[in-house]
Each structure stands twice: as C-alpha cells, then as structure tokens.
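The values are calculated or read from the model by the stated rules, or taken from the named source; none is laboratory data. What you see is a predicted model; the values in this text were computed from it and never measured. Glycine gets a Cβ as well: all are built from the backbone with ideal geometry, and neighbour counts include every protein chain shown. In case anyone asks, the SASA skips ligands and DNA or RNA and just uses the protein heavy atoms, side chains included. Shrake-Rupley method; radii C 1.70, N 1.55, O 1.52, S 1.80 Å.
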Amino acid sequence: MRAIADLAREPGGGLIVPPDNFSYVHRALIFALAARHRVPAVYPLRFMAREGGLVSYGVDLGETFPRAAEYIDRILKGTKPADLPVQAPTKFELAINLKTAKALGLEVPPTLLARADEVIE
C-alpha cells in the first residue's frame, strides 16, 4: 500500500503490475489504491483493464493456450520436452479504459487509442 502512495509523490510516477498470482489475487486492491492515489498503472492482461485498470498490455491468451495444448499433445505422444523449441508469444493486446483515464485526469492521445485492440468507455 505504501509503495503506491510513494509513487504518487514522484513526478511522472506510474506502476507496472507484473503478471503473477499476487497481482491477480489482489487486483481489486491494486485498482483501488492506484485510483485513490491517482497513479497510472499498466496491467498484464486485458480483463484487468475491463475491471477498472487504466491500461493493459500483454500476451493474447487466446493464442498462447492453444499453442501450449499442442505441446502437451506432442509430449503425451512421446516427444521429449527438451526436444521442443522454446516459443515466445507472437501476439500482444493493448486495452485502454477511458473511464479510468478520466478519473485520473489523463487524456489518452488519439494515436494510442487508434492502436488499441480494445477501448473501454
């Protein structure tokens, strides 16, 4: 809690929320603290912007999960995991919550809105 309040005192302060279980479980608290202290925050998953976060930028889970299923299938058919190439995500999603931006007193540039996969109003 104190960390977010400290960020609010810094000029140009902001928060990048990592994609981990803590952030997922405590997302409502993080949203509330960021709003209370007027700290802009970027979240890792699209649904977090839908739930009240300012911006989300992260992997498209709709692309990632099927690829993981293909790997599981190959392993179950006998391929050694060490023989499978490492794959990085290839598709990322950007979502912007304009309601949250307005509450924070931020104006989102039209060029950024044009690049967003989803704009929440």
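Both radii come from the Cα set of segment 1-48: Rg as radius of gyration, Rh as Kirkwood radius; their ratio Rg/Rh reads 0.95. Ordered by 1.4 Å accessible area with all protein chains kept, Thr111, Thr79 run largest first as Thr111, Thr79.
The modelled label-to-label distance for the pair Asp20/Ile75, using points 7 Å beyond Cα in the direction of Cβ, is 2.3 nm. Surface analysis of segment 37-107 yields an accessible area of 63 Å² per residue, using protein heavy atoms and a 1.4 Å probe. Compared with the dominant Cα axis of the chain, that is its longest principal axis, helix 61-76 is turned about 20°. Label-to-label distance, Glu118 versus Ala5, with points set 7 angstrom from Cα along the beta-carbon direction: 3.3 nm. For Arg67, the shell of other residues with beta-carbons less than 12 Å away shows a net charge of -2, using +1 for Lys and Arg and -1 for Asp and Glu. Rolling a 1.4 Å probe over the protein heavy atoms of the chain, with every protein chain left in place, gives an accessible area that is 60 percent carbon and sulfur.
Determine by what factor the alpha-carbon radius of gyration of the chain differs from 2.2 N^0.38 Å, reporting the quotient. Dividing the Cα radius of gyration by 2.2 N^0.38 Å gives 1.30.
DSSP bridge analysis restricted to segment 21-121 gives an antiparallel fraction near 50%, rounded to the nearest 5. Its convex hull of Cα atoms gives segment 57-115 a direction-averaged projected area, equal to a quarter of the hull surface, of 5.6 nm².
Each helix, a run of at least 4 DSSP H residues, gives -39500 (n - 2.57); summed and divided by the residues of the chain, these come to -12500 deg cm²/dmol at 222 nm. Couplings for segment 94-104, taken from phi via the Karplus curve 6.51 cos²θ - 1.76 cosθ + 1.60 with θ = phi - 60°, read 10, 10, 10, 9, 6, 5, 5, 4, 4, 4, 8 Hz in order; Gly and Pro are left as x.
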